[in-house]
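What follows is a short report on a single structure.
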Amino acid sequence: MAFPANRLRRLRRTETLRALVRETRLTPESLVYPLFICPGTGVRKEVRSMPGVFNLSVDEAVKEVRETRALGVLSIILFGLPEKKDEVATGAWAEDGIVQKAARAIKSAVRDVVVMGDVCLCEYMSHGHCGIVKDNAKVNAKAGPQSLGAAAAPPATAEYEIVNDASLELLARTSVSLARAGVDIIAPSDMMDGRVGAIRRALDKTGFENTPILSYAAKFASGFYGPFREAADSTPQFGDRRSYQMDPANIHEAMREIELDIEEGADMIMVKPAIPYLDVIAAARDRFDLPLAAYQVSGEYAMIEAAARNQWIDRDRVLMESLLCIRRAGASIILTYYAKEAAKLLA
Ligand code: PBG
(Lines give C-alpha, C1' and ligand atoms only; values in the text may rest on other atoms or scores of the structure.)
Protein backbone atom coordinates (compact mmCIF):
# COMPACT_ATOMS: atom_id res chain seq x y z
CA MET A 1 0.00 0.00 0.00
CA ALA A 2 1.38 3.33 -0.96
CA PHE A 3 0.90 6.94 0.00
CA PRO A 4 -1.17 8.31 1.69
CA ALA A 5 -1.67 5.16 3.82
CA ASN A 6 2.08 4.82 4.14
CA ARG A 7 4.03 7.79 5.45
CA LEU A 8 7.58 6.94 6.52
CA ARG A 9 7.93 10.37 8.09
CA ARG A 10 5.57 9.26 10.92
CA LEU A 11 8.45 7.51 12.66
CA ARG A 12 10.87 10.38 12.10
CA ARG A 13 8.84 13.02 13.91
CA THR A 14 10.73 13.17 17.21
CA GLU A 15 14.12 12.12 18.50
CA THR A 16 12.51 9.54 20.81
CA LEU A 17 10.70 7.91 17.89
CA ARG A 18 13.85 7.99 15.80
CA ALA A 19 15.80 6.39 18.65
CA LEU A 20 13.16 3.67 18.96
CA VAL A 21 13.47 2.58 15.35
CA ARG A 22 17.22 3.12 14.97
CA GLU A 23 18.82 0.04 13.39
CA THR A 24 22.48 0.69 14.10
CA ARG A 25 24.21 1.97 17.21
CA LEU A 26 27.76 2.89 18.06
CA THR A 27 29.29 1.91 21.38
CA PRO A 28 32.73 2.82 22.73
CA GLU A 29 33.50 -0.87 23.39
CA SER A 30 33.54 -1.57 19.68
CA LEU A 31 36.19 1.07 18.95
CA VAL A 32 39.94 0.47 18.86
CA TYR A 33 42.32 3.38 19.39
CA PRO A 34 45.65 3.35 17.47
CA LEU A 35 48.76 4.69 19.23
CA PHE A 36 52.19 5.50 17.78
CA ILE A 37 54.93 4.81 20.31
CA CYS A 38 58.27 6.62 20.04
CA PRO A 39 61.48 6.59 22.12
CA GLY A 40 62.15 9.02 24.97
CA THR A 41 60.11 10.26 27.90
CA GLY A 42 57.57 13.03 28.05
CA VAL A 43 57.30 13.07 24.26
CA ARG A 44 53.99 14.13 22.75
CA LYS A 45 54.62 15.16 19.16
CA GLU A 46 51.68 15.97 16.94
CA VAL A 47 51.64 14.36 13.48
CA ARG A 48 51.62 17.17 10.92
CA SER A 49 49.07 15.58 8.59
CA MET A 50 46.93 14.20 11.44
CA PRO A 51 46.12 17.01 13.83
CA GLY A 52 45.03 15.52 17.16
CA VAL A 53 47.17 12.40 16.68
CA PHE A 54 50.55 12.15 18.41
CA ASN A 55 53.77 10.20 18.57
CA LEU A 56 53.88 9.28 22.24
CA SER A 57 56.70 8.04 24.41
CA VAL A 58 55.85 5.05 26.61
CA ASP A 59 55.03 7.16 29.70
CA GLU A 60 52.73 9.43 27.68
CA ALA A 61 51.08 6.43 26.04
CA VAL A 62 50.23 5.04 29.47
CA LYS A 63 48.49 8.33 30.35
CA GLU A 64 46.63 8.31 27.05
CA VAL A 65 45.42 4.74 27.59
CA ARG A 66 44.21 5.59 31.11
CA GLU A 67 42.09 8.42 29.69
CA THR A 68 40.81 6.36 26.79
CA ARG A 69 39.90 3.45 29.06
CA ALA A 70 38.04 5.77 31.41
CA LEU A 71 35.92 6.88 28.46
CA GLY A 72 34.86 3.27 27.84
CA VAL A 73 37.16 2.41 24.95
CA LEU A 74 38.44 -1.07 25.83
CA SER A 75 41.01 -1.66 23.10
CA ILE A 76 44.09 -0.05 21.64
CA ILE A 77 46.43 -1.02 18.82
CA LEU A 78 50.14 -0.23 19.01
CA PHE A 79 52.52 0.92 16.26
CA GLY A 80 56.19 1.58 16.88
CA LEU A 81 58.79 4.11 15.79
CA PRO A 82 62.07 2.38 16.60
CA GLU A 83 65.34 4.10 17.45
CA LYS A 84 67.09 2.34 14.55
CA LYS A 85 66.01 0.63 11.35
CA ASP A 86 67.87 -2.12 9.50
CA GLU A 87 67.39 -4.78 6.80
CA VAL A 88 66.02 -7.48 9.13
CA ALA A 89 63.59 -5.33 11.17
CA THR A 90 65.35 -6.01 14.46
CA GLY A 91 63.23 -3.38 16.20
CA ALA A 92 60.08 -5.34 15.41
CA TRP A 93 61.05 -8.53 17.26
CA ALA A 94 63.60 -7.33 19.80
CA GLU A 95 62.78 -8.23 23.40
CA ASP A 96 63.19 -4.54 24.33
CA GLY A 97 61.57 -3.19 21.15
CA ILE A 98 59.54 -0.02 21.47
CA VAL A 99 56.13 -1.72 21.19
CA GLN A 100 57.20 -4.51 23.56
CA LYS A 101 58.16 -1.87 26.14
CA ALA A 102 54.91 0.01 25.67
CA ALA A 103 52.84 -3.18 25.93
CA ARG A 104 54.50 -4.13 29.23
CA ALA A 105 54.03 -0.65 30.69
CA ILE A 106 50.41 -0.33 29.55
CA LYS A 107 49.43 -3.82 30.70
CA SER A 108 50.86 -3.24 34.15
CA ALA A 109 49.37 0.25 34.55
CA VAL A 110 45.87 -0.16 33.15
CA ARG A 111 43.61 -2.98 34.20
CA ASP A 112 41.71 -4.87 31.52
CA VAL A 113 42.60 -2.93 28.45
CA VAL A 114 42.86 -5.09 25.32
CA VAL A 115 46.23 -4.45 23.72
CA MET A 116 46.52 -5.29 20.03
CA GLY A 117 49.90 -5.38 18.34
CA ASP A 118 50.16 -4.45 14.68
CA VAL A 119 52.57 -6.94 13.15
CA CYS A 120 54.45 -5.55 10.19
CA LEU A 121 58.06 -4.90 9.28
CA CYS A 122 57.81 -1.61 7.37
CA GLU A 123 58.34 0.67 10.36
CA TYR A 124 61.50 -1.27 11.30
CA MET A 125 63.08 -1.79 7.88
CA SER A 126 65.53 0.78 6.52
CA HIS A 127 63.82 0.47 3.11
CA GLY A 128 60.29 0.81 4.52
CA HIS A 129 58.83 -2.30 2.89
CA CYS A 130 56.69 -4.81 4.78
CA GLY A 131 59.00 -7.77 4.07
CA ILE A 132 62.58 -8.69 3.24
CA VAL A 133 63.83 -7.07 0.04
CA LYS A 134 65.86 -8.99 -2.52
CA ASP A 135 67.90 -6.84 -4.85
CA ASN A 136 67.74 -8.33 -8.35
CA ALA A 137 70.14 -5.86 -9.93
CA LYS A 138 72.93 -8.47 -9.97
CA VAL A 139 70.71 -11.16 -11.46
CA ASN A 140 69.71 -8.76 -14.22
CA ALA A 141 73.29 -7.67 -14.90
CA LYS A 142 74.36 -11.30 -15.32
CA ALA A 143 71.52 -12.00 -17.72
CA GLY A 144 72.82 -9.19 -19.90
CA PRO A 145 70.92 -7.11 -22.41
CA GLN A 146 68.44 -9.14 -24.40
CA SER A 147 69.99 -9.39 -27.86
CA LEU A 148 67.69 -9.95 -30.78
CA GLY A 149 67.42 -13.58 -31.75
CA ALA A 150 69.29 -14.83 -28.69
CA ALA A 151 67.98 -18.25 -27.79
CA ALA A 152 66.12 -18.64 -24.49
CA ALA A 153 67.02 -15.23 -23.06
CA PRO A 154 65.94 -15.19 -19.43
CA PRO A 155 62.83 -13.09 -18.78
CA ALA A 156 63.49 -9.61 -17.45
CA THR A 157 63.40 -9.68 -13.65
CA ALA A 158 62.02 -6.86 -11.55
CA GLU A 159 64.69 -4.64 -10.01
CA TYR A 160 63.83 -5.80 -6.54
CA GLU A 161 61.42 -8.17 -4.90
CA ILE A 162 59.66 -8.30 -1.54
CA VAL A 163 60.42 -11.89 -0.63
CA ASN A 164 57.43 -13.73 0.77
CA ASP A 165 58.52 -16.90 2.54
CA ALA A 166 61.64 -15.57 4.22
CA SER A 167 59.60 -12.68 5.62
CA LEU A 168 57.22 -15.10 7.37
CA GLU A 169 59.90 -16.11 9.84
CA LEU A 170 60.43 -12.49 10.94
CA LEU A 171 56.68 -11.89 11.21
CA ALA A 172 56.30 -15.03 13.35
CA ARG A 173 59.22 -13.99 15.54
CA THR A 174 57.69 -10.52 15.97
CA SER A 175 54.33 -12.02 16.95
CA VAL A 176 55.83 -14.30 19.61
CA SER A 177 57.88 -11.43 21.00
CA LEU A 178 54.75 -9.24 21.24
CA ALA A 179 52.78 -12.03 22.91
CA ARG A 180 55.61 -12.41 25.45
CA ALA A 181 55.37 -8.68 26.17
CA GLY A 182 51.69 -9.09 27.03
CA VAL A 183 50.01 -8.15 23.75
CA ASP A 184 46.52 -9.72 23.82
CA ILE A 185 45.74 -9.83 20.09
CA ILE A 186 48.21 -10.25 17.23
CA ALA A 187 47.23 -8.21 14.17
CA PRO A 188 49.35 -8.88 11.06
CA SER A 189 49.08 -6.09 8.46
CA ASP A 190 51.92 -7.05 6.10
CA MET A 191 49.93 -8.96 3.43
CA MET A 192 52.51 -11.70 2.85
CA ASP A 193 50.90 -14.98 1.74
CA GLY A 194 50.72 -17.58 4.49
CA ARG A 195 51.53 -15.27 7.36
CA VAL A 196 48.48 -16.09 9.45
CA GLY A 197 49.39 -19.80 9.38
CA ALA A 198 53.05 -19.11 10.13
CA ILE A 199 52.12 -16.86 13.06
CA ARG A 200 49.55 -19.35 14.39
CA ARG A 201 52.12 -22.18 14.38
CA ALA A 202 54.76 -20.02 16.06
CA LEU A 203 52.34 -18.86 18.77
CA ASP A 204 51.15 -22.42 19.43
CA LYS A 205 54.71 -23.72 19.68
CA THR A 206 55.64 -21.12 22.30
CA GLY A 207 52.66 -21.58 24.60
CA PHE A 208 50.45 -18.81 23.19
CA GLU A 209 47.75 -21.08 21.79
CA ASN A 210 45.16 -18.82 23.46
CA THR A 211 46.36 -15.62 21.80
CA PRO A 212 43.95 -14.65 19.00
CA ILE A 213 44.90 -13.33 15.57
CA LEU A 214 43.10 -10.39 14.00
CA SER A 215 44.11 -10.56 10.38
CA TYR A 216 44.24 -7.49 8.17
CA ALA A 217 42.79 -9.91 5.64
CA ALA A 218 41.60 -7.56 2.90
CA LYS A 219 44.10 -4.74 2.97
CA PHE A 220 44.21 -2.63 -0.16
CA ALA A 221 47.18 -0.74 -1.63
CA SER A 222 45.67 2.62 -0.79
CA GLY A 223 46.55 6.26 -1.14
CA PHE A 224 44.58 6.79 2.05
CA TYR A 225 47.55 5.53 4.10
CA GLY A 226 49.59 8.66 3.31
CA PRO A 227 49.39 10.40 6.70
CA PHE A 228 50.06 7.12 8.57
CA ARG A 229 53.37 6.76 6.79
CA GLU A 230 54.32 10.16 8.12
CA ALA A 231 53.08 9.24 11.61
CA ALA A 232 54.94 5.91 11.62
CA ASP A 233 57.83 6.98 9.41
CA SER A 234 57.24 3.97 7.16
CA THR A 235 57.19 5.31 3.61
CA PRO A 236 58.89 2.84 1.23
CA GLN A 237 62.23 4.29 0.07
CA PHE A 238 61.65 2.92 -3.44
CA GLY A 239 58.69 1.45 -5.30
CA ASP A 240 55.31 0.93 -3.67
CA ARG A 241 53.31 -1.78 -1.93
CA ARG A 242 51.28 -2.97 -4.90
CA SER A 243 53.07 -6.32 -5.17
CA TYR A 244 51.71 -7.38 -1.78
CA GLN A 245 48.72 -5.20 -0.83
CA MET A 246 45.52 -5.66 -2.84
CA ASP A 247 44.38 -3.88 -5.98
CA PRO A 248 41.54 -1.49 -5.01
CA ALA A 249 39.59 -2.80 -8.00
CA ASN A 250 39.14 -6.32 -6.62
CA ILE A 251 36.32 -7.49 -4.37
CA HIS A 252 36.30 -11.18 -5.38
CA GLU A 253 39.98 -11.42 -4.57
CA ALA A 254 39.23 -9.78 -1.21
CA MET A 255 36.87 -12.67 -0.43
CA ARG A 256 39.62 -15.15 -1.31
CA GLU A 257 42.12 -13.32 0.91
CA ILE A 258 39.69 -13.51 3.81
CA GLU A 259 38.82 -17.14 3.17
CA LEU A 260 42.49 -18.18 3.13
CA ASP A 261 43.24 -16.29 6.34
CA ILE A 262 40.33 -18.04 8.04
CA GLU A 263 41.65 -21.42 6.86
CA GLU A 264 45.06 -20.51 8.25
CA GLY A 265 43.57 -19.80 11.66
CA ALA A 266 42.50 -16.15 11.83
CA ASP A 267 40.10 -15.50 14.74
CA MET A 268 38.94 -12.13 13.45
CA ILE A 269 39.19 -10.47 10.07
CA MET A 270 39.59 -6.89 8.89
CA VAL A 271 38.85 -4.78 5.84
CA LYS A 272 41.01 -1.71 5.31
CA PRO A 273 40.48 1.19 4.47
CA ALA A 274 36.84 1.58 5.59
CA ILE A 275 34.70 4.29 3.99
CA PRO A 276 35.82 3.80 0.36
CA TYR A 277 35.44 0.00 0.85
CA LEU A 278 32.00 -0.29 2.45
CA ASP A 279 30.95 -2.75 -0.24
CA VAL A 280 33.82 -5.04 0.75
CA ILE A 281 32.79 -4.81 4.41
CA ALA A 282 29.19 -5.65 3.51
CA ALA A 283 30.22 -8.58 1.31
CA ALA A 284 32.53 -9.95 4.03
CA ARG A 285 29.76 -9.63 6.62
CA ASP A 286 27.39 -11.51 4.38
CA ARG A 287 29.79 -14.32 3.66
CA PHE A 288 31.84 -14.95 6.82
CA ASP A 289 30.80 -15.46 10.44
CA LEU A 290 33.92 -14.25 12.24
CA PRO A 291 34.06 -10.96 14.11
CA LEU A 292 34.63 -8.36 11.40
CA ALA A 293 36.73 -5.24 11.88
CA ALA A 294 37.25 -2.23 9.64
CA TYR A 295 40.06 0.31 9.81
CA GLN A 296 39.14 3.95 9.30
CA VAL A 297 42.62 4.87 8.13
CA SER A 298 44.79 7.95 8.44
CA GLY A 299 43.69 9.54 5.16
CA GLU A 300 40.03 9.20 6.08
CA TYR A 301 40.78 10.95 9.36
CA ALA A 302 42.93 13.63 7.71
CA MET A 303 40.23 14.49 5.16
CA ILE A 304 37.58 15.00 7.81
CA GLU A 305 39.96 17.06 9.95
CA ALA A 306 41.07 19.23 7.04
CA ALA A 307 37.53 20.01 5.93
CA ALA A 308 36.42 20.66 9.50
CA ARG A 309 39.35 23.00 10.11
CA ASN A 310 38.22 24.98 7.08
CA GLN A 311 34.73 25.03 8.55
CA TRP A 312 33.45 23.28 5.46
CA ILE A 313 31.86 20.46 7.45
CA ASP A 314 30.64 19.90 11.00
CA ARG A 315 33.43 17.72 12.39
CA ASP A 316 31.57 15.95 15.21
CA ARG A 317 28.60 15.19 13.05
CA VAL A 318 30.67 13.89 10.15
CA LEU A 319 32.97 11.77 12.28
CA MET A 320 30.05 10.10 14.04
CA GLU A 321 28.24 9.58 10.75
CA SER A 322 31.32 8.00 9.17
CA LEU A 323 31.69 5.56 12.08
CA LEU A 324 27.98 4.74 12.10
CA CYS A 325 28.05 3.98 8.38
CA ILE A 326 31.04 1.65 8.77
CA ARG A 327 29.07 -0.14 11.46
CA ARG A 328 25.93 -0.27 9.30
CA ALA A 329 27.92 -1.82 6.46
CA GLY A 330 28.67 -4.69 8.83
CA ALA A 331 31.84 -4.06 10.82
CA SER A 332 31.36 -4.81 14.50
CA ILE A 333 34.81 -3.50 15.43
CA ILE A 334 36.21 -0.18 14.17
CA LEU A 335 39.83 0.89 14.39
CA THR A 336 39.79 4.67 14.34
CA TYR A 337 41.84 7.68 15.36
CA TYR A 338 38.49 9.12 16.47
CA ALA A 339 37.96 6.45 19.16
CA LYS A 340 38.50 8.89 22.02
CA GLU A 341 36.49 11.71 20.44
CA ALA A 342 33.65 9.39 19.56
CA ALA A 343 33.54 7.97 23.09
CA LYS A 344 33.27 11.53 24.46
CA LEU A 345 30.47 12.34 22.04
CA LEU A 346 28.63 9.14 22.97
CA ALA A 347 28.84 9.84 26.71
C1 PBG B 1 51.69 -1.23 8.25
C2 PBG B 1 50.41 -0.50 8.34
C3 PBG B 1 49.96 0.59 7.58
C4 PBG B 1 48.73 0.97 8.14
C5 PBG B 1 48.47 0.10 9.18
N6 PBG B 1 49.50 -0.81 9.27
C7 PBG B 1 50.60 1.35 6.48
C8 PBG B 1 50.80 0.75 5.17
O9 PBG B 1 50.43 -0.38 4.89
O10 PBG B 1 51.43 1.44 4.36
C11 PBG B 1 47.90 2.14 7.67
C12 PBG B 1 47.01 2.72 8.70
C13 PBG B 1 46.52 4.08 8.37
O14 PBG B 1 46.69 4.62 7.27
O15 PBG B 1 45.88 4.65 9.27
N16 PBG B 1 51.89 -1.92 7.07
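Calculate, for the chain, the solvent-accessible area per residue in square angstrom, rolling a 1.4 angstrom probe over the heavy atoms of the protein chains. Per residue, the chain has 48 Å² of solvent-accessible surface.
Each peptide among 327-334, 160-167, 118-125 gets the average number of other Cβ atoms lying within 10 Å of its residues, and from highest to lowest they stand as 118-125, 327-334, 160-167. In the chain, the longest principal axis of the Cα atoms and the axis of helix 98-109 are about 40 degrees apart.
Relative contact order of the chain, taken over Cα pairs closer than 8 Å and 6 or more residues apart, is 18 percent.
Checking the cross-link pairs K45/K219; K85/K107; K63/K344; K45/K84; K63/K85 against a 24 Å limit on the alpha carbon distance flags K45/K219; K85/K107; K63/K85 as lying beyond it. To put it simply, the accessible area of the stretch 196-257 at a 1.4 Å probe is 48 percent carbon and sulfur.
Where both bridge residues fall in the chain, DSSP classifies roughly 20% of the beta bridges as antiparallel. Between A232, A103, A283, the GNM of the chain built on Cα springs shorter than 10 angstrom shows A283 fluctuating the most. Scaled against 2.2 N^0.38 Å for its residue count N, the alpha carbon radius of gyration of the stretch 238-347 is 1.16. Only helical runs count toward this figure. For the chain, summing -39,500 (n - 2.57) over DSSP H runs of n ≥ 4 and dividing by all residues gives -11500 deg cm²/dmol at 222 nm. Cα convex hull, the chain: 195 Å³ per residue, rounded to a whole number.
Anisotropy class assigned to the stretch 274-335 is prolate, per the alpha carbon gyration tensor with a/c at or over the 1.5 cut-off and a/b larger than b/c. Highest GNM mean-square fluctuation among A266, A109, A92, for the chain modelled with Cα contacts below 10 Å: A109. Angle between the Cα long axis of helix 315-329 and the longest principal axis of the chain, 0 to 90 degrees, nearest 10? For helix 315-329, the angle is close to 70 degrees. What shape does the stretch 211-250 take by its C-alpha gyration tensor, where a ≥ b ≥ c are the square roots of the eigenvalues and a/c under 1.5 counts as rounded, a/b above b/c as prolate, and the rest as oblate? It comes out oblate by the Cα gyration axes. Only Cα pairs within less than 10 Å get springs; with that Gaussian network setup on the chain, which residue of E257, E60, E159 has the largest fluctuation? Sorting by GNM fluctuation, first place goes to E159.
Qualifying chymotrypsin sites (Phe, Trp or Tyr not before Pro) in the stretch 271-347, where qualification requires a DSSP coil assignment and no more than 11 other C-beta atoms within 10 Å, comprise W312.
Taken over the Cα atoms of the stretch 1-128, the convex hull encloses 187 Å³ per residue.
The values are calculated or read from the model by the stated rules, or taken from the named source; none is laboratory data. Predicted model, so just to flag it, every value in this text is computed and none were measured. No Cβ is skipped: glycine too gets one built from the backbone with ideal geometry, and neighbour counts run over all protein chains shown. The protein model used for the area step is the full one, side chains on, heavy atoms only, and it has no ligands, DNA or RNA in it. Shrake-Rupley method; radii C 1.70, N 1.55, O 1.52, S 1.80 Å.
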